[in-house]
Amino acid sequence: MIRRNFIKNSIIGSISASSLLRSKTEKILTDFKSVPRIISTWNHGVKANRVAWEKLKNGEGGLTAVEYGVRDSEDDPNERSVGYGGLPDRDGKVTLDACIMNYNNDCGSVSFLQNIKNPISVARLVMEKTPHIMLSGKGAFDFAVKNGFKKENLLTKQSEKDWKNWLKTSEYKPVINFENHDTISMLLIDSNHNLFGACTTSGAAWKMHGRVGDSPIIGAGLFLDNEVGAAASTGLGEAVIRTAGSAMVVECMRSGMSPLESCKEVVNRISNIHRNRPEWEYLQVGFIALSKNGDYAGYSLKKGFNYALSDDNNDTILVDAGYKI
């Protein structure tokens, strides 16, 4: 009798739990905001969004839109934390990380990639042409070359000059708000309410050779669940990895929190974990989030984080994110 009652109560509990989750999901699906919609991190996201929006409106699809949106930043030598012209590691090497993800949870990633200009496009090929999710280092480089990418020197004269100046003191303190930008992350919801995301970076300047941050890690730098929403991060990658940051933002949305509440919740967790760590002095992290209904938000630990918004009502505007301290 005890066993029978236990099984009965377990079944009732499971039904109740699934009904609760279903009701929350149904609430998300029936309260639509403006779609399609694109959000991306930092001021260089404005131009990236415009590229992505044009691709989307031309019918090239959400995945191509986010890919070519962030490629705009990868190609710009003046964007010192992304792609070509990115600030190097302490050995003077520009190393790149990127990942991309679609509404089917298909994803691809590259880490510690050198001498290839567009890591986001290599990440997409990893997703589409291999049985793997991530390729790294020389393996990622060889795969890129095999698929038609050219070997290029990514260290510009200005970045080399900055690196040589840094060598005079060799002090390592990542400045996330340097020139008011960092990693570019982009989230997109299309007119069918399908989600897409991309993230790409040259990582923290003056890092140890071989260091990989959160940007290529699905669940840390980027995560989406097409039933709930999407999130992406910017800032100190180690802090985001410790909390599986972007995945946790999405899980908070799954529990019924708004995008803003979800971003705040995870930023608060990161704050609590790192308050007594040495990196607290220079720590900055931020998240953007986009729910299944098109609602959006951005929030960061410290002042200075902003993000770009594009939809049918906005010809790409820059929004100052909320912040904790």
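Assorted remarks:
- N226-E171 FRET efficiency (beta carbon distance; Förster radius 51 Å; 0.05 resolution): 0.70
- Least to most buried among S233, S121, S136 (fewest other Cβ within 10 Å first): S136, S121, S233
- Taking other residues whose beta carbon is less than 13 angstrom from the beta carbon of C107, and scoring Lys, Arg as +1 and Asp, Glu as -1, yields -3.
- Burial ordering of Y68, Y307, Y299, Y172, fewest other beta-carbon atoms within 10 Å first: Y172, Y68, Y299, Y307
- The fraction of all Cα pairs in the stretch 167-278 landing in successive 5 Å bins from 0 to the largest distance is 2, 12, 20, 22, 20, 11, 7, 3, 2, 1, 0, given as whole percents.
- Which listed pairs, of K117/K168; K93/K138; K47/K150; K168/K302; K93/K151, have C-alpha distances above 18 Å, in listed order: K117/K168; K47/K150; K168/K302
- The sum of -39500 (n - 2.57) across all DSSP H runs of n ≥ 4, divided by the residue count of the chain, sets its helix-only mean residue ellipticity at 222 nm to -12000 deg cm²/dmol.
- Among beta bridges identified by DSSP and lying wholly in the chain, the antiparallel ones come to about 90 percent.
- Globularity index of the stretch 35-323 is 0.91 (Cα radius of gyration / 2.2 N^0.38 Å, N = number of residues).
- Ranked by the mean number of other Cβ atoms within 10 Å per residue, highest first, peptides 123-134, 38-49 order as 38-49, 123-134.
- Over 22 Å between alpha carbons, listed pairs K207/K324; K164/K207; K55/K146; K161/K207: K207/K324; K55/K146
- Applying the Karplus relation 6.51 cos²θ - 1.76 cosθ + 1.60 with θ = phi - 60° to the stretch 43-60 yields 3J(HN,Hα) values of 5, 6, x, 4, 5, 4, 4, 5, 5, 5, 4, 5, 4, 5, 5, 7, x, 8 Hz, where x marks Gly and Pro.
- GNM result for the chain, Cα springs below 10 Å: residue of I120, I273, I184 fluctuating most strongly: I273
- Gaussian network model of the chain, springs between alpha carbon atoms under 10 Å - residue of E67, E171, E251 with greatest fluctuation: E171
Throughout, read-outs are computed from the coordinates displayed, never taken from laboratory work. Computed from a predicted model, the values in this text were never measured in an experiment. We place every Cβ from the backbone using ideal geometry, glycine too, and count neighbours over all the protein chains shown.
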